[in-house]
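Written out below as structure tokens is the structure these notes cover.
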Amino acid sequence: MEDTSKQEILAAIRELSGTVHEQGTALRELNSTVQEQGGAIRALTGTVQEQGGAIRELSSSVQDVASSVHALAEHMDERFLVVENDVSGMRKDVSALTTDVKTLKNQMVTKNYLDDRLADLRADLIMMARKTNTKISFLIEGLVAEGSLRREVADQLLAMEPFARA
């Protein structure tokens, strides 16, 4: 039995040796596949690192653009405040001018009103000049009657404008 056991043991060892050999071959194939996959992973890692660098550059560019837009927005806010203040001042000025124009319109003299007033004034002046002329004529006649003024001089005085007597 010992011989059988030895033979069985030897057969089992041979079988085990075949299995180990097959397993070694499978491990070598698996190792080759792992190495290929490792190479692919390293290539992929390189690509990912390159993409990460590009993403960092893009992120930096986006941050620069955002910073520029923010600075522009602040500058525009300042300019809008200046324009707003200017417009507010202009509104006040226009409001004051509107009030002044309304006041001027209310107090303005029309041409017809002025013509009427000037005609009235002219009539008043003519009436005063006639009264004065009457008084002077009376005075001249009184001076001629007293003998203080000669008739020729009196006639010359009375012939003078604005209301000459013949």
Legend entry - Check on Leu149, modelled with pLDDT of 90 or more, surrounded by 10 or more Cβ atoms within 10 Å (Cβ to Cβ), outside any helix (DSSP H, G or I) and over 38 Å from the mean Cα position of the chain (by Cα): yes
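Taking Phe163 as the residue in question, decide whether it is more than 60 Å from the chain's Cα centre (by Cα), outside any helix (DSSP H, G or I) and surrounded by 10 or more Cβ atoms within 10 Å (Cβ to Cβ). So that I can check it myself, show each step before the final result.
Numbers: more than 60 Å from the chain's Cα centre (by Cα): yes; outside any helix (DSSP H, G or I): yes; surrounded by 10 or more Cβ atoms within 10 Å (Cβ to Cβ): yes.
Yes: the conditions hold for Phe163.
Does Lys135 meet the test of being over 30 Å from Ala164 (Cβ atoms) and of a type in the set (D, E, K, R)? It would help to see each step written out before you state the result.
On the way: over 30 Å from Ala164 (Cβ atoms): no; of a type in the set (D, E, K, R): yes.
When the stated conditions are applied, Lys135 does not pass them.
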Inset, instruction - List the number of the failed condition for Arg130; all other conditions in (1) assigned to a loop (DSSP other than H, G, I, E, B); (2) touching a Phe, Trp or Tyr at 6+ places or on another chain (Cβ under 7 Å) hold. - result: (1)
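Take the residues of segment 91-116 that are of a type in the set (D, E, K, R) and farther than 29 Å from Ala164 by Cβ: which is modelled with the lowest pLDDT?
As a first pass, look at segment 91-116 and keep what is of a type in the set (D, E, K, R): 91-93, 100, 102, 105, 111, 115-116.
Filter once more, so that each one left must be farther than 29 Å from Ala164 by Cβ: 91-93, 100, 102, 105, 111, 116.
On the way: Arg91: 90, Lys92: 88, Asp93: 88, Asp100: 88, Lys102: 88, Lys105: 83, Lys111: 89, Asp116: 92.
Within segment 91-116, the match that is modelled with the lowest pLDDT is Lys105.
Answer with yes or no whether Gln51 is more than 60 Å from the chain's Cα centre (by Cα) and among the polar types (S, T, N, Q). Spell out how you get there, then give the answer.
Values: more than 60 Å from the chain's Cα centre (by Cα): no; among the polar types (S, T, N, Q): yes.
So Gln51 does not fit the description; no.
The values are calculated or read from the model by the stated rules, or taken from the named source; none is laboratory data. Small disclaimer: the values here were computed from a predicted structure and weren't measured. Cβ coordinates were reconstructed from backbone atoms using ideal geometry, including for glycine residues, and neighbour counts include every protein chain displayed.
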